[in-house]
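Have a look at the structure below before the remarks.
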Amino acid sequence: MRFNFDLPESNSESHRSITPKEEVKWLPLQNHPVFSSSAADDGSRNGGGAGGASRNLVAWDGASRLYYWNSIKRCLHRISIRLGEPDPTSIIAASPSKVLQADVKLNIEVDRISINRNGSALLLSGPDGLYVMYLYGRTCNEDKNTIVCRTVSIGSQLYCSSGNAMRTLRASWHPYSDTHLGILSSDSVFRIFNLSSDLLQAEQEYYLQPVGPGQSRNAASICPVDFSFGGDHLWDRFSVFVLFSDGSIYILCPVVPFGSVHKWESILEIYSDAHTFGLKSVNPSAVSNSSLAITWLEATFPEIDQETVDNGNLPTLKAHPHALFDSSLSLQGPLRKVCHGEEDEALAVRGAECEGRAVSFLYNLVSKDSILVTAWSGGQLQIDALADEIHPVWTVGNPPRLRVDYRDHILALAMICEPISIELPVKVDQPLDHTVWLGHPPPLLRLATVDLALPRTTESGSLITMDVDPLMLERTYALHDGGIDSVVLHFLPFTSQNSGKNETVRTPSVHPVLSTCLGEPSSPSPLCGFVSLSDSFGYSWIVGVTSMQECVVIDMKTWNLLLPVQIDTEKKPVDLGGRKEIDTPDIISKELLSGPKVVLLPQASPNLRSVAADSIEGRSTLHQYFKLFHENYVEYAHKVYFELKHHAPQVTRIIDVQHARLGEAHEKILKVENKQPILEERIDRAVKLHNLLEQRLQRLRNMPGVHKKPLSRAEQDFKSELDHFTGVESDALLSSIEALQARLRRYTPSEKGSVGSQQRQTLRKNQVPDAQISQLKSAIEKLSLVNSENSKKVKLVESALKHQESSRT
């Protein structure tokens, strides 16, 4: 088979490759052949993801290429698109599309794809493994639209080995690097892989231990669920947020990929902050924590204290590998809600208030506010904002493990991250010196709790994934089995405070965007792909792909969504019965309505009455009076005549308009009179239906099951513990046992091979003595006993509850 190397296409599809191509046709995206009826028939057999997990098989490179993973043919479709053509609300796509094939066999079920910043590589993730496909490959001569791409496996010894109980919970590209991946797995370890250096071993490993030594908590508090990288704000850019199954959120800071590039203004800002508010503080804890942060910054970015940075000659800074010699990162958390007084302290320490378990997490930076959104299996969204800035915290005396080269340069690091002892929750009325650089986790300011009112179709609840609108960051999309909902934030505490606006607290607005229930909530058709698109002209779209491979394109309206509703209370109510006349001209001018001007008569002589009219003096006086009369009253009469003659057509037109409005009013009155019997009939039917519903409600109230006593507070707490136990505890214990068994098999020396090789291997590996193996075996036995005892307790509780229900009925 012969191959030709295909050149990368431009965004406008104007450049042609060196091989002849078929004629490109531009079709509406929803009518593309990839989403045709034949493809839908093939895709109907693939209704759910692996293990019932949420899927997203669509990705966008931020410019003009849309990627869709075909789970049946196990290939990637690259579709060239044009936003806002031919009209601003539509999207067209080029046909035929490119088909990208992996050069190796994929042994995983892909449930999520994501693309890096520059669009050169795409992540194919599943619960049983991870692959990265490089999007520029070679074109096959047999099919000009097929491109064979280099595909590599990530951490194959950890995630892709046969019989391994470790599952991949979340994998994501780092926002400040094109070659670094962050991976959270079921063994409570967060790893960062550098694709440019090593594909098998992680560059950084953080072993998450949310429960300190000697403490005992339920299994939901030690099972991680999701993570998210921080945004471009102070220390948030070096932070990793980790969500656990009980809803608790922890922070790792600072975490930076080796070789990543950052803006020097951002680094200089946090460097100056550490000097200003940390070293100059009167609190010794703040001085110690800021000193460690400054040491870390100067070693990670050696150019930070040089004159070139101060002069602004370096636009970016490159992160160098570094770790503090005798300190490991502290697991900051769990984050608590901010307290306003003593009554709120118990509420701040108490756990989650939503139903079920936490399933997904989203970090969103909106101007000055860091927004954290937690999705629960019961269909609720908890929306919080960080009430304080994040600062790095280390645990001194817990050195990390480093892997170096022959020049003592750090290649990789690993550390155990444990929480430090947490004092009372931070209150809002405390001064700045009592909160900054003291090692306290930032508190959470609860903005809203949104209930999506999702139907509970399964015992495990709903799986919700979230995404941010790239055009309007205040809008968050929630993808679930029933479709897509839009949640828009109308109040941002710190952004409103910095802008000087005295805005009132407004609850978020929730709007259903797409429903896939087809009229029956019990049988939804879930989406297997979702992406939000936007262009530079302010238009935004949603592209969704159903499990039947049907494409849906929705134009999202963004204008005036965030404008508050303003009501002018000083305005008088408008008469709805009449129309408002705008700029109605005056029929007669005000000058004419005021009458003729007042004329001052000339002074007459006292003997005027004795003067004869035909005398010279009499004639002069009469002529003067006649001239004044002509200049005022005769000219005024001419003006009145001309004005009335000129305005006659306008008056006629106004009269005709009034007659037309009168006729319309008569027609409306007749229509109302005709609809009156129909309205009365509908009211009678509604009253009869209301009476019938009241009778049915009364019969339901008389049923014996309605008179059950409500559960007390203690019974409700006990029921919630049982729900957590049945949903999380058993799975957590089983996964712990499987993980320990896998570790035992990995550390146990292989029985194959010669005795000499085993002796040499034993000499090299003295880290696993027999005592440790026996401890592992005893731990496994204890866990199995605990699991059996817990299962017996669950059965006893279920039998007791059934007995109580039967006795009440």
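As a test of reading the structure, rank Glu269, Glu203 by solvent-accessible area (1.4 Å probe, protein chains only), most first. Don't skip to the answer; put the middle values down first.
Details: Glu269 100, Glu203 10 Å².
Solvent-accessible surface, decreasing: Glu269, Glu203.
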Checklist line | Rounded percent of accessible protein surface that carbon and sulfur make up, the stretch 97-145, 1.4 Å probe | finding: 42 percent
Item checked: Residue-wise HN-Hα coupling along the stretch 221-238, computed from phi with Karplus coefficients 6.51, -1.76, 1.60 (Hz; x: Gly, Pro) -> 7, 10, 9, x, 10, 8, 8, 8, 7, x, x, 7, 8, 6, 7, 4, 5, 10
Check: Which ³J(HN,Hα) values, rounded to whole Hz and listed in residue order, are derived for the stretch 693-700 from phi using the Karplus coefficients 6.51, -1.76 and 1.60 in 6.51 cos²θ - 1.76 cosθ + 1.60 with θ = phi - 60°, glycine and proline given as x?
Finding: 5, 5, 5, 5, 5, 5, 5, 5
Check: Whose amide H sits under 5 Å from the amide H of Ser540, counting only residues 5 or more places off or on another chain, with H placed in the peptide plane?
Finding: Met556
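Which pairs in the list Lys25/Lys144; Lys280/Lys368; Lys719/Lys802; Lys73/Lys98; Lys719/Lys795 are over 19 Å apart, alpha-carbon to alpha-carbon? It would help to have the intermediate numbers written out before the result.
Numbers: Lys25/Lys144 16 Å; Lys280/Lys368 25 Å; Lys719/Lys802 13 Å; Lys73/Lys98 14 Å; Lys719/Lys795 14 Å.
Over 19 Å Cα-Cα: Lys280/Lys368.
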Item checked: For Ser547, distant residues with modelled amide H under 5 Å away -> Cys528
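Pulled fully out, how much extra length does the chain show between Gln775 and Val687, if you take 0.36 nm times their separation in residues and subtract their Cα-Cα distance?
Values: separation 88, 0.36 × 88 = 31.68 nm, distance 7.48 nm.
My answer for the length gained is 24.2 nm.
Count charges around Arg55 for me, please; just the other residues with Cβ under 12 Å from its Cβ, Lys/Arg as +1, Asp/Glu as -1.
On the way: positive: Arg112; negative: Glu109, Asp111, Asp481.
Surrounding charge for Arg55 is -2.
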Item checked: Residues with amide H under 5 Å from that of Arg138, placed H, sequence gap 5 or more -> Val148
Checklist line | Karplus (6.51, -1.76, 1.60) ³J(HN,Hα), θ = phi - 60°, over the stretch 77-94, in Hz, Gly and Pro reported as x | finding: 9, 10, 10, 7, 10, 10, 8, x, 10, x, 10, x, 9, 10, 10, 10, 10, 7
Item checked: Mean separation of Cα contacts under 8 Å (6+ apart) over length of the stretch 168-290, as relative contact order % -> 16 percent
Notebook entry, point to check: For labels at His511 and Asp656 in the simple 7 Å Cα→Cβ model, what's the distance in nm?
Noted result: 4.3 nm
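Lys and Arg at +1, Asp and Glu at -1: add these up for the other residues within a Cβ distance under 10 Å of Arg74 and post the number.
Working: positive: Lys73, Lys105; negative: Glu109.
Around Arg74, the charge tally is +1.
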Notebook entry, point to check: Among 55-65, 406-416, 446-456, how do they line up from the highest to the lowest mean number of other beta-carbon atoms within 10 Å?
Noted result: 55-65, 446-456, 406-416
Next item on the list: Figure the gain on full extension for Leu711 and His803 (residue separation times 0.36 nm, minus the Cα-Cα span) and round it to one decimal in nm.
Entry: 31.6 nm
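The values are calculated or read from the model by the stated rules, or taken from the named source; none is laboratory data. No experiment lies behind these values; they were computed from the predicted model shown. Neighbour counts run over all protein chains shown; Cβ positions are idealised from the backbone, glycine included. When the accessible area is computed, the model is the full protein with side chains, heavy atoms only, and any ligands, DNA or RNA have been set aside. Shrake-Rupley method; radii C 1.70, N 1.55, O 1.52, S 1.80 Å.
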